[in-house]
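Peer 1: Please find one structure pasted underneath; my questions will follow.
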Amino acid sequence: MNNTKRDMKFLRIMSLQGPNIWTYRPVLEAWVDIGELEDSPSNTIPGFNDRLIDWLPSLIEHRCSIGERGGFIQRLRDGTWPGHILEHVTLELQNLAGMPGGFGKAREMDTRGVYKVIVRAWHEEVTLASLHKARELILAAMDDRPFDVAAAIEDLRELAESRLLGPSTRSIVDAADDRDIPFIRLNEGNLVQLGYGAAQRRIWTAETDQTSAIAETISRDKSLTKQLLRDCGIPIPEGYDVESPAAAWEAAEDIGVPVVVKPCSGNHGRAVFTNLTTREEIEAAYQVALEEESGVIVERFVPGQEHRLLVIGGKLVAAARGEIASVVGDGRSTIEHLVDVQLNADPRRGNTEDHPLNFIRIDSAATLELARQGYAAESVPAAGVQVVIQRIGNVAFDVTELVHPNTAAMVALAAKVVGLDIAGIDLVVEDISRPVLEQHGAIVEVNAGPGLLMHLKPASGQPRPVGQAIVEHLFPADANGRIPIVAVSGSTGTTAIAQLLAHLVCLNNQRVGLACRNGMFVGLRQVEAGNRANWAAARKLLLNASVETAIVETGSRELLSEGLAFDRCQIAVLTGIDANEDLSEYAMSTEEKRYNVYRTFVDIVLPNGVAVLNAADPLLVEMRELCDGEVLFFAIDPDLPALAEHRARNGRAVSIENGAIVLTQGSTGIARIDLAELPATGMDTTQILASIAAAWALGMDFELIHAGLHAFTDYQS
């Protein structure tokens, strides 16, 4: 084969940002033309398989359709096509960049040599970059050209680290996902909405919508925090705000040395100096602390080790101990070199949130600490001599199980006094397993927005489920952050059904959000005109904290090109599947493929939800077995076999009998409305039946439904 013909071209790439025909999660769907490579499966290209496996040996973990470790490698050896290979290489590059590989598929299209390649998209930009890198890598392996795999992975890793949620926020989101609580990322940082509409809560890493701005301001003012704690009987080190080096020394004399000198506001341990005894040390420390530009405090030195205790919702959930960072001289190396080889070489240290310990720097604080011991960074300590580099920090050694109950109660009270729902309490004691007062310990700081990494990935000890604790704090008991979402789709009448249903829900004293082809509405007010039966409009409803029920009209084309804006729905209404619907632009023209499009709505019905299906459409009747929740049929003809079978199962149905709309459960009639009573609505009978069935599925009272039909005013009027 002529190597110049080896190419893969992306014809189309769609970002499906929610449930879709492939999976429940966001994916990228790429249409890939492999051209002449259709005639060259992997086992016919000399050296290709070996180069690919050598570059990406972790492909051995891909089970593929064979279902066992090494399955994909076997497929390569047997011969498979570039679309399938592109799927697996993209997923593996994502995995090597720090994201789970996840879902993937490759499917032939009607045009020879053109494939749909679908890969899980943890972040659209990162997945798109992985897809392009995978193409370059595969073509290089085919043509026996160099490819810097390590550089490609590093590029993707850097991109992922800059775009994905941080590990602390991710732990909360994952805990919410475990509870089936949906989430929406609100910015490129760590601001996340948990839940939908009026049931939502918000987090910004370890701050929540319950974190008071006043409490956060108090926590940043160390003097005020100490005053409030002291007034409530909580032990704190006495101290003074000072405004000059001389005043710092005067305060130290008044308190009695040794003392601590530190900035007034929260600073994550920066410029904090402990156990100072001389005027020179205190005045020098003052100058460094002053650089934080928040004022300076001199306070009593409390002997012991620094601890960080995490309080969430009034309960202690995790505790970590700090350790003094020091090096041991060898008689040859400078202190600066010893820091690099004895401390910073520890793989637990790093600059990212994946590392529980930070790199140690010889900054102004460390320089002062060394000077107190008679050293500088360039000094060469004698063999066996221990030199302290940093006394504050390295709080990453789990001691949760050791905390004395009295101490746990004390730190919970401290968080409450300041007013924080989530607080990191800095406590200095010699022994965390003994009561604080017994050993003259003290709380030295109360912090808002505390770091979680030390508890999620401690340098030693057991990781703590702090993300789960935050989710349980925000969503107690059976709360799941969900509002009723009604998805309306099908071949005809979906806009009218969505609008009538929205009218009925409004009468039920619910603030309803509606996104349909006639606009977007909140309550009875139109907030956007034009066709709003799309992903963006639905997402706006879910972000709106006033919306208590969301009704979303979604067509097949919107589903195929965008995915759904919500992960699950309470009610799915399907009116029918048009056998003549032309979806050729999405290569979905067969009956089987159209069926798979619309079954997506049934697939995402919650276990306590309802699929409202037209029993006159045999394809929709087939879908009842796919529903995790209940199925409620509607149809004009009460004698349809599907309805008879459904009633025999004690199922609910809405149909027409003897000139009336009849609601039945099994063989029992629940309610009826004479058709002659209904006002002119411009809707056909099937649409009215579907609307009534959906309202019934939402739990609305029949009398209210009846009254609503009479009071219905078309949203277009």
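Peer 1: Taking the criterion of being assigned by TED's automatic domain parsing to the domain that holds Pro19 and surrounded by fewer than 17 Cβ atoms within 10 Å (Cβ to Cβ), would at least one residue in segment 120-128 satisfy it?
Peer 2: Among the residues of segment 120-128, at least one is assigned by TED's automatic domain parsing to the domain that holds Pro19 and surrounded by fewer than 17 Cβ atoms within 10 Å (Cβ to Cβ), which makes the answer yes.
Peer 1: Here's another thing I want to ask about it. Please work out which one of (1) more than 16 Å from Ala365 (Cβ to Cβ); (2) small (Gly, Ala, Ser); (3) more than 45 Å from the chain's Cα centre (by Cα) is the condition Ala248 fails and give its number.
Peer 2: (1)
Peer 1: Also, I was wondering about something else. Pick out, from segment 503-548, the strands (runs of 3 or more DSSP E) lying fully within it that include 1 or more residues that are at pLDDT 95 or above and at positive phi.
Peer 2: Here the list reads 519-522.
Peer 1: Any residue at all in segment 564-575 that is within 28 Å of the chain's Cα centre (by Cα), farther than 20 Å from Leu626 by Cβ, among the small types (Gly, Ala, Ser) and assigned to a loop (DSSP other than H, G, I, E, B)? Spell out how you get there, then give the answer.
Peer 2: Initially, segment 564-575 is screened for residues within 28 Å of the chain's Cα centre (by Cα), giving 564-572.
Now narrow it down to the ones that are farther than 20 Å from Leu626 by Cβ: 565.
Still in the running and among the small types (Gly, Ala, Ser): 565.
Within this subset, residues satisfying the condition of being assigned to a loop (DSSP other than H, G, I, E, B) are 565.
Within segment 564-575, one or more residues are within 28 Å of the chain's Cα centre (by Cα), farther than 20 Å from Leu626 by Cβ, among the small types (Gly, Ala, Ser) and assigned to a loop (DSSP other than H, G, I, E, B).
Peer 1: Identify the residue in segment 22-44 that is in contact with an Asp or Glu (Cβ under 9 Å, 6 or more places away or on another chain) and assigned to a loop (DSSP other than H, G, I, E, B) and, among all such residues, is nearest to Trp122 (Cα to Cα).
Peer 2: Ranking the candidates gives Pro26 first.
Peer 1: Show the residue pairs that are 6+ apart or on different chains and have beta-carbon atoms under 6 Å apart, the first residue being within segment 314-330 and under 14 Å from Pro458 (Cβ atoms), the second being among the charged types (D, E, K, R).
Peer 2: Going by the 6 Å Cβ cut-off, the qualifying pairs are Ala318/Arg464; Ala320/Arg308; Ala320/Asp398; Gly322/Glu306.
Peer 1: With respect to the numbered conditions (1) within 19 Å of Thr495 (Cβ to Cβ); (2) at pLDDT 95 or above, which one is the sole condition not fulfilled by Ile661?
Peer 2: (1)
Peer 1: Is there a residue in segment 359-370 that is in contact with a Lys or Arg (Cβ under 8 Å, 6 or more places away or on another chain), closer than 24 Å to Leu310 by Cα, among the aromatic types (Phe, Trp, Tyr) and surrounded by 16 or more Cβ atoms within 10 Å (Cβ to Cβ)?
Peer 2: No - not one qualifying residue is present in segment 359-370.
Peer 1: I would also like to ask the following. Cβ contacts < 6 Å: first residue on the phi > 0 side of the Ramachandran plot, restricted to segment 219-237; second residue surrounded by fewer than 19 Cβ atoms within 10 Å (Cβ to Cβ) and part of a helix (DSSP H, G or I), any location; separation 6+ or different chain. Result?
Peer 2: No pair meets every condition.
Peer 1: If a residue must be touching a strand residue (DSSP E or B) at 6+ places or on another chain (Cβ under 9 Å) and either crowded, with 22+ Cβ neighbours inside 10 Å or in a helix (DSSP H, G or I) (or both), how many such residues does segment 610-619 contain?
Peer 2: Counting residues in segment 610-619 that are touching a strand residue (DSSP E or B) at 6+ places or on another chain (Cβ under 9 Å) and either crowded, with 22+ Cβ neighbours inside 10 Å or in a helix (DSSP H, G or I) (or both) gives 6.
Peer 1: Take the residues in segment 65-124 that are touching a residue at least 60 places away in the same chain (Cβ under 8 Å), of a type in the set (D, E, K, R) and assigned to a loop (DSSP other than H, G, I, E, B), then tell me which one is farthest from Arg135 (Cα to Cα).
Peer 2: Asp110
Peer 1: Here's another thing I want to ask about it. Looking at segment 590-605 only, could you name the residues that are over 10 Å from Glu630 (Cβ atoms) and either assigned to a strand (DSSP E or B) or of a type outside the set (Lys, Arg) (or both)? Before you say what the answer is, go through the steps one by one.
Peer 2: Filtering segment 590-605 for residues over 10 Å from Glu630 (Cβ atoms) gives 590-604.
Within segment 590-605, Thr590, Glu591, Glu592, Tyr595, Asn596, Val597, Tyr598, Thr600, Phe601, Val602, Asp603, Ile604 qualify.
Peer 1: Still on this structure, please answer the following. Within segment 667-682, is even one residue in the same structural domain as Gly493 (by TED's automatic domain parsing), of a type outside the set (D, E, K, R), in contact (Cβ under 8 Å) with a residue 40 or more places away in the chain and in contact with a Gly (Cβ under 8 Å, 6 or more places away or on another chain)?
Peer 2: no
Peer 1: Test Lys105 against the stated conditions and say whether it is crowded, with 19+ Cβ neighbours inside 10 Å, in contact with a strand residue (DSSP E or B) (Cβ under 8 Å, 6 or more places away or on another chain), charged (D, E, K, R) and in the same structural domain as Pro146 (by TED's automatic domain parsing).
Peer 2: no
Peer 1: Consider only pairs whose beta carbons are under 8 Å apart and that are at least six residues apart or on different chains; among these, list those whose first residue lies in segment 590-603 and is assigned by TED's automatic domain parsing to the domain that holds Asp578 and whose second residue is polar (S, T, N, Q).
Peer 2: Arg594/Ser556; Val597/Ser556; Tyr598/Ser489; Tyr598/Ser556; Thr600/Asn20; Phe601/Ser489; Phe601/Thr554
Peer 1: Also: Just for segment 621-642: of the residues that are more than 42 Å from the chain's Cα centre (by Cα) and either in contact (Cβ under 8 Å) with a residue 12 or more places away in the chain or not in a helix (DSSP H, G or I) (or both), which one is surrounded by the fewest Cβ atoms within 10 Å (Cβ to Cβ)?
Peer 2: Asp639
Peer 1: Looking for whichever is over 28 Å from Met410 (Cα atoms) and either touching a Ser or Thr at 6+ places or on another chain (Cβ under 6 Å) or touching a residue at least 12 places away in the same chain (Cβ under 8 Å) (or both) here; the options are Ala252, Ala246. Which one fits? Working first, answer last.
Peer 2: Values: Ala252 fails: over 28 Å from Met410 (Cα atoms).
From the options Ala252, Ala246, the qualifying one is Ala246.
Peer 1: Please work out which one of (1) among the aliphatic types (A, V, I, L, M); (2) surrounded by 19 or more Cβ atoms within 10 Å (Cβ to Cβ); (3) within 30 Å of Glu585 (Cα to Cα) is the condition Leu139 fails and give its number.
Peer 2: Status for Leu139: all satisfied but (2).
Peer 1: A further question on this structure: Which one of these is of a type outside the set (Asp, Glu), closer than 30 Å to Gly304 by Cα, outside the structural domain of Met99 (by TED's automatic domain parsing) and surrounded by 17 or more Cβ atoms within 10 Å (Cβ to Cβ): Ala206, Ala247, Ala176? Walk me through how you get there before you give the answer.
Peer 2: Working: Ala247 fails: surrounded by 17 or more Cβ atoms within 10 Å (Cβ to Cβ); Ala176 fails: closer than 30 Å to Gly304 by Cα.
Ala206 is the lone residue from the list that is of a type outside the set (Asp, Glu), closer than 30 Å to Gly304 by Cα, outside the structural domain of Met99 (by TED's automatic domain parsing) and surrounded by 17 or more Cβ atoms within 10 Å (Cβ to Cβ).
Peer 1: Quick check on this structure: which one of Asp431, Asp421 is under 30 Å from Pro182 (Cα atoms) and among the charged types (D, E, K, R)? I'd like the intermediate steps shown before the answer.
Peer 2: Details: Asp431 fails: under 30 Å from Pro182 (Cα atoms).
Only one candidate passes the filter, namely Asp421.
Peer 1: Please find, within segment 652-695, the residue that is surrounded by the fewest Cβ atoms within 10 Å (Cβ to Cβ) out of those that are part of a helix (DSSP H, G or I) and of a type in the set (Gly, Ala, Ser). Give the steps one after another, and end with the answer.
Peer 2: Of the residues in segment 652-695, the ones part of a helix (DSSP H, G or I) are 675-677, 685-695.
Restricting the remaining residues to those that are of a type in the set (Gly, Ala, Ser) gives 676, 690-691, 693-695.
On the way: Ala676: 7, Ala690: 31, Ser691: 31, Ala693: 28, Ala694: 28, Ala695: 27.
Result: Ala676.
Peer 1: Moving to a separate point now. Would you say Arg647 is under 30 Å from Ala676 (Cβ atoms) and out of contact with any helix residue (DSSP H, G or I) (no Cβ under 8 Å at 6 or more places or on another chain)?
Peer 2: Yes; evaluated as a whole, the condition is true for this residue.
Peer 1: Using the structure shown, decide if Leu420 is surrounded by 17 or more Cβ atoms within 10 Å (Cβ to Cβ) and closer than 19 Å to Asp340 by Cα.
Peer 2: It is false that Leu420 is surrounded by 17 or more Cβ atoms within 10 Å (Cβ to Cβ) and closer than 19 Å to Asp340 by Cα.
Peer 1: Name the residues in segment 146-174 that are farther than 24 Å from Trp204 by Cβ and either touching a helix residue (DSSP H, G or I) at 6+ places or on another chain (Cβ under 8 Å) or among the hydrophobic types (A, V, I, L, M, F, W, C) (or both), would you?
Peer 2: Those that are farther than 24 Å from Trp204 by Cβ and either touching a helix residue (DSSP H, G or I) at 6+ places or on another chain (Cβ under 8 Å) or among the hydrophobic types (A, V, I, L, M, F, W, C) (or both): Pro146, Phe147, Val149, Ala150, Ala151, Ala152, Ile153, Asp155, Leu156, Arg157.
Peer 1: Taking the residues in segment 322-337 that are out of contact with any helix residue (DSSP H, G or I) (no Cβ under 8 Å at 6 or more places or on another chain) and under 23 Å from Thr274 (Cα atoms) as candidates, determine which candidate is surrounded by the most Cβ atoms within 10 Å (Cβ to Cβ). Before the answer, list the steps.
Peer 2: Keep residues of segment 322-337 that are out of contact with any helix residue (DSSP H, G or I) (no Cβ under 8 Å at 6 or more places or on another chain), which gives 322-324, 326, 331-332, 334, 336-337.
Applying the additional criterion that residues be under 23 Å from Thr274 (Cα atoms) yields 322-324, 326, 336.
Values: Gly322: 21, Glu323: 17, Ile324: 16, Ser326: 17, Glu336: 15.
The extreme case among them is Gly322.
Peer 1: Within the bounds of segment 569-580, is there any residue that is farther than 25 Å from Asn508 by Cβ, among the small types (Gly, Ala, Ser) and modelled with pLDDT under 95?
Peer 2: Among the residues of segment 569-580, at least one is farther than 25 Å from Asn508 by Cβ, among the small types (Gly, Ala, Ser) and modelled with pLDDT under 95, which makes the answer yes.
The values are calculated or read from the model by the stated rules, or taken from the named source; none is laboratory data. Keep in mind that this is a model prediction, so the values were computed, not measured. Quick reminder, even Gly has a Cβ in these numbers, built from the backbone with ideal geometry, and neighbours come from all protein chains shown.
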